[in-house]
Amino acid sequence: MAGKLVTNPLYDSLFAIHADRTTPFLHLQDGRILTHRDFLALSARMARVMVQIGLRPGDRVAVQVDKSPEALALYAACVQAGLVFLPLNTAYTVEELSYFIENSGASLVVCSPTREDALLSVAKRLEARLETLDGEGGGSLMALAQEMPAFFETVSRDGEDLAALLYTSGTTGRSKGAMLTQNNLLSNAQTLVEEWRFTDRDVLLHALPIFHTHGLFVATNVALAAGGSMIFMTGFDQDGIIASLPQATAMMGVPTFYTRLLDDERFTRELTAHMRLFVSGSAPLLAETHVRFEERTGHRILERYGMTETNMNSSNPYDGDRRAGSVGFPLPGVEIRITDPDRGEELDAGDVGQIEVRGPNVFKGYWQMPDKTAAELRENGFFITGDLGRMDEEGYLYIVGRNKDLIISGGYNIYPKEIELILDEQPGVLESAVIGVPHPDFGETVLGIIIPENGQTPDLERIREAVRLSLARFKHPRDLILLEELPRNTMGKVQKNVLREQYKDLFLAT
Ligand code: MCA
Ligand code: AMP
């Protein structure tokens, strides 16, 4: 009789292929090296723990922990055990976390020990199990894992099964869980390996967080699919990056990484001479940064464009002209079209419209939000990104704006509505408008405009405190400004463009 056929496309293609390799996978900042085999042994132990505590395929595992090899192994463990990995920004407050845990119906929450007390009652109320994991590989989850054998029988999964749930904020202020399948992640990783010529000789400098698409899927999955290794830094550490660059072959970052490096005189042509690739994404890279980077190092940054819902959509060419200000061509297998935002009709080359994307990279929909899914994901498979752009005659895509009210600060997305809802309910506040204005380090930053109720003077300190309690630090307005009224058009709609123009230099003046 034939044996049971076990297939798990994502695990088989990214992880299982390395099971016997004693080659380096993670180079850590303290000099330690974790081999591919050791990494997989670690994740197998974690998978065992999760199954032993009763988790079943398809269950969600919500994870808010510091970046560490163990945190990455938890992702691998979820894939191997057929669980849905739900990574969360370490900056999120308990209030924000409660929503994600409740909305996803997570069966297991893994958090930092410093958050345990605050989350215990939430987990209890939502009947989720709580375990801890710290940045040094300690915590209750690891204590259980150490007791386990380093082998786990991979759980069968179909390519259309969910591998991850990543929350992205919405224009209404409620976050939506983007359902990403095994095929979404695998197809994109394999395409990027080819496009960007990754091999097992590559050493990727990894300083991005691993709770978002960029650091988790683009960087890690590509390194895994190619069989290379990563210099795994716990965060953006300028000195560490300068010290590690000579050992790396490639780096991925948000534009803030590159502007910070350009401001450092140690970042020279010599330091980067042996590098073969610098990739930028998650936020617009100023053409000026692209040019300065080439002047300084001789390298042309390769800019690409993606979204949580779609992974990567387009990329400048590896061989060929990497154009400043453009996000390049649609990736192989990915279709991009520009449509009229009102009528949905496809536009001609050169015309500005909304960017729509279709391909194996496009997500399955928003978790338990069929209406929101239907509003953004067309029946014909095209996803309406909310970005505005144009494609030139040669096929280069340019992002020229956003059809959604979104601020991108240092690569993190911030939806103004979420902040406005909090500002509006503060004593003495009639209404508010939150806008993004240029910032030298983060690209854009958050500015809150407050309109007081008649004759009242809202207490700005109290408002800041309310924001601090509810929202992650990176969403906090950098400044609050009191105005008598908001500019409105004849339809009564707030003209945020007028406000953005008025305050565009607020953080630029030195
Ligand atoms: C930190 N702070 C921020 C940000 N990061 N404030 C606004 N925006 C931010 N991005 C806060 C800190 O809490 C701190 O507050 C103060 O700002 C200064 O912190 P600093 O030490 O300078 O920051 P850092 O720790 O060096 O972090 C900056 C960073 C980081 C390295 C740019 O934000 C980062 O790693 N960003 C990458 C985000 C990312 O991976 N995005 C990908 C999303 P205080 O002074 O009060 O303590 S995936 C995506 O968008 C799609 C799919 C795609 O295409 O990739
Ligand atoms: P997220 O919701 O975090 O997945 O962020 C996706 C958004 O980031 C996109 O819809 C774009 O607005 C923006 N984005 C990603 N890459 C780029 C890029 N290279 N240039 C400009 N915007 C980008």
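The values are calculated or read from the model by the stated rules, or taken from the named source; none is laboratory data. Because the structure is a prediction, the values reported are computed rather than measured. Methodologically, a virtual Cβ is constructed for each residue, glycine included, from the backbone with ideal geometry; neighbour enumeration extends over all protein chains shown. The protein model used for the area step is the full one, side chains on, heavy atoms only, and it has no ligands, DNA or RNA in it. Shrake-Rupley method; radii C 1.70, N 1.55, O 1.52, S 1.80 Å.
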Amide N proximity, the range 371-413 versus ARG337 label position 7 Å along Cα-to-Cβ, cut-off under 16 Å: 376-386, 389-391
Tell me the trypsin sites (Lys or Arg not before Pro) within the range 262-320 that lie in a loop according to DSSP and have at most 11 other beta-carbon atoms within 10 Å. ARG269
Find the centroid of the Cα atoms in the range 89-122 and in the range 221-236, then give the distance between the two in whole Å. 27
In the range 26-173, what percentage of the DSSP-assigned beta bridges are antiparallel, given to the nearest 5? 15
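At 222 nm, what helix-only mean residue ellipticity would the chain give, in deg cm²/dmol to the nearest 500, using -39500 (n - 2.57) for each DSSP H run of four or more?
Dividing the helical sum by the residues of the chain leaves -7500 deg cm²/dmol.
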Spin-label pair THR172/GLU102, simplified geometry with 7 Å Cα→Cβ offset, distance in nm: 1.6
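To the nearest 0.05, what FRET efficiency results for THR22 and GLN247 with a Förster distance of 22 Å applied to their C-beta separation?
Calculated transfer efficiency: 0.70.
Please give the contour-minus-distance gain from GLN368 to THR7: 0.36 nm per residue of separation, less the Cα-Cα distance, rounded to one decimal in nm.
Details: separation 361, 0.36 × 361 = 129.96 nm, distance 2.70 nm.
Here the answer is 127.3 nm.
Give the accessible surface of the chain per residue, rounded to a whole number of Å², with probe radius 1.4 Å and ligands, DNA and RNA excluded. Let's see the in-between values first.
On the way: 21470 Å² over 510 residues.
With all protein chains present, the chain gives 42 Å² per residue.
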At 1.4 Å probe size, what's the solvent-accessible area of PHE236? Round to the nearest 10 Å². 60
Label ARG296 and ARG201 with points 7 Å out from Cα along Cα→Cβ: what is the distance between them in nm? 2.8
One finds, for VAL94 and ARG32 with R0 = 35 angstrom and r their Cβ-Cβ distance, a FRET efficiency to the nearest 0.05 of 0.60
So how far, in whole Å, is the C-alpha centre of the range 1-63 from the one of the range 270-334? 31
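In square nanometres, what is one fourth of the surface area of the convex hull spanned by the alpha carbons of the chain? Provide the component values of the computation, followed by the final result.
Working: hull surface 103.4 nm².
That works out to 25.9 nm².
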Please report, as a whole percent, how much of the solvent-accessible surface of the chain comes from carbon and sulfur atoms (probe radius 1.4 Å). 49
Summed residue charge, Cβ within 15 Å of TYR503's Cβ, Lys/Arg positive, Asp/Glu negative: 0
Taking the Cα centroid of the range 136-215 and of the range 337-413, what is the distance between the two, rounded to the nearest whole Å? 24
Would you mind computing, in nm to one decimal, how far apart the modelled labels at ASP424 and LEU469 are, each placed 7 Å from Cα along Cα→Cβ? 2.0
